[in-house]
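What follows is one structure encoded as structure tokens, with my remarks underneath.
What follows is calculated from the coordinates using simple rules that are stated; it is not laboratory data. Owing to the predicted nature of the structure, the values given are computational and were not obtained by experimental measurement.
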Amino acid sequence: MSGGGDTMTISLTPAAVDYIKRSRVKEGKEGQALRVGVKAGGCSGYNYFLGFTPDRRSNDMVIEYEGLSVYVDPRSLEVLAGTEIDYERGLLGAGIQFRNPRVKKTCGCGDSFTI
């Protein structure tokens, strides 16, 4: 498992891993990996992407977390390098949070960002 100190990778907190594993079971995707990436779009340039997949691409970086494989394509990794993914509960609800040190600004809705 790669730690958050490695700037050429991403990391997931234990809370995020637990939440994602529970979500995978709820969605009937047991055994599938989590694909993490970014796609062009939104009002600031990029949007984060999370989804379960059975398909590993030959150039994916693979990170293992206690029974959860995480796939990141090289293009997304350039944008996500150093990012910590966490699961938080707060007054306004709960959800996955991306802590990306490369983000320079986010849009008003918080769904897209610029590096």
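Each residue of region 48-56 was assigned a 3J(HN,Hα) from its phi angle through the Karplus expression (A = 6.51, B = -1.76, C = 1.60, θ = phi - 60°), giving 6, 9, 10, x, 8, 8, x, 9, 9 Hz with x at Gly and Pro.
Between ARG35 and GLY51, PHE52, THR53, TYR71, the built amide H atoms are under 5 Å apart, and every one of these is 5 or more places off in sequence or on another chain. The lysines within cross-link reach of LYS104, meaning a Cα-to-Cα straight distance under 19 Å and a gap of 8 or more places when in the same chain, are LYS39.
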